[in-house]
1. Could you tell me which residue of the range 55-67 is surrounded by the most Cβ atoms within 10 Å (Cβ to Cβ), considering only residues that are in contact (Cβ under 8 Å) with a residue 60 or more places away in the chain and closer than 19 Å to P93 by Cα?
2. Given the criteria closer than 26 Å to S147 by Cα and not in a loop (DSSP other than H, G, I, E, B), does R183 qualify?
3. Taking S214 as meeting all but one of (1) in contact with a Phe, Trp or Tyr (Cβ under 7 Å, 6 or more places away or on another chain); (2) more than 24 Å from P114 (Cα to Cα), write down the number of the exception.
4. Among the residues of the range 71-122 satisfying the criterion of being in the same structural domain as I161 (by TED's automatic domain parsing) and without any contact (Cβ under 8 Å) to a residue 12 or more places away in the chain, which is nearest to R174 (Cα to Cα)?
5. Any residue at all in the range 186-200 that is touching a His at 6+ places or on another chain (Cβ under 7 Å) and either assigned by TED's automatic domain parsing to the domain that holds Q78 or under 18 Å from G116 (Cβ atoms) (or both)?
6. Are any residues in the range 125-158 basic (K, R) and either assigned by TED's automatic domain parsing to the domain that holds A62 or touching a strand residue (DSSP E or B) at 6+ places or on another chain (Cβ under 6 Å) (or both), and if so, which ones?
7. Name the residue that is modelled with the lowest pLDDT, counting only residues in the range 81-93 that are farther than 30 Å from R151 by Cα and touching a Ser or Thr at 6+ places or on another chain (Cβ under 9 Å).
8. Taking the residues in the range 117-141 that are hydroxyl-bearing (S, T, Y) and in a strand (DSSP E or B) as candidates, determine which candidate is surrounded by the fewest Cβ atoms within 10 Å (Cβ to Cβ).
Amino acid sequence: MKKISFDIVTASSLAACVLLAACSGNGDDSPRLPVVQNIVEYAGTSEGCTAFIYYAPGSDNAEELRSRGGFAADDLAQGDALLLSYTSDPADPGYITVTGARGINNMALLQTEPAGLAGWDSEGVYLLSAWRAGQRLNLRLNLTYDSEPRRFAIIVDKTTIDDPWPVAYLFHRRGTETPNFSREYYVSCPLTPLFSRDGIEGLKLRLIDTNTPSALPEERTLTFPK
């Protein structure tokens, strides 16, 4: 299992995106269009427009969002997920105005024998939300900050791969147990390799969650129907 470093999306950076869109700075108090923030897929740029694909939580219906003008996509491959802030003007249907964009952690769905899952529950995560959107599993969570790479992956137990509901584990382990402050992260994992298999009805995800009434870590199992 490879070590990864996270792209960071902080609450302060998201707030900055909203403020930039909401305030003109020239004393104009006219109404502003609301800023929407969603995880979308980058679909490429052509003829002066950049296209993104958005799936509402739990939906398989794709909505294309098109933005006029340039968009810095040098670090994006087609199909990559990102956190996009934008406005939609009813007077310009079919197009959006991008007000901010942040890279998120795009992860592949892994699989291993049960022995390879040893230590998956070493360190919990503070889960804020989890949802399926199209063929993706999206997570928003807080993790203890660490400047060093950590082991973090979504791994399917190979012995369950042919079950109607395969079981995956959210593996999280830092190289040190030193306490530190937390930061907010977004993760997006394509489920197509799994959901394209015959007989699959959905995915179960097991994780250690520290977002509990007792503030003590608890093992949870989340279900995501296909």
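The values are calculated or read from the model by the stated rules, or taken from the named source; none is laboratory data. For clarity, every value in this text was computed on a predicted model and none was experimentally measured. Here Cβ is always computed from backbone atoms with ideal geometry, including for glycine, and neighbour counts include all displayed protein chains.
1. So the residue we want is Y55.
2. yes
3. (1)
4. My answer is A118.
5. Going residue by residue through the range 186-200, those that are touching a His at 6+ places or on another chain (Cβ under 7 Å) are none.
No, every residue in the range 186-200 fails to be touching a His at 6+ places or on another chain (Cβ under 7 Å) and either assigned by TED's automatic domain parsing to the domain that holds Q78 or under 18 Å from G116 (Cβ atoms) (or both).
6. R132, R136, R140, R151, K158
7. Top of the filtered list is D89.
8. S129
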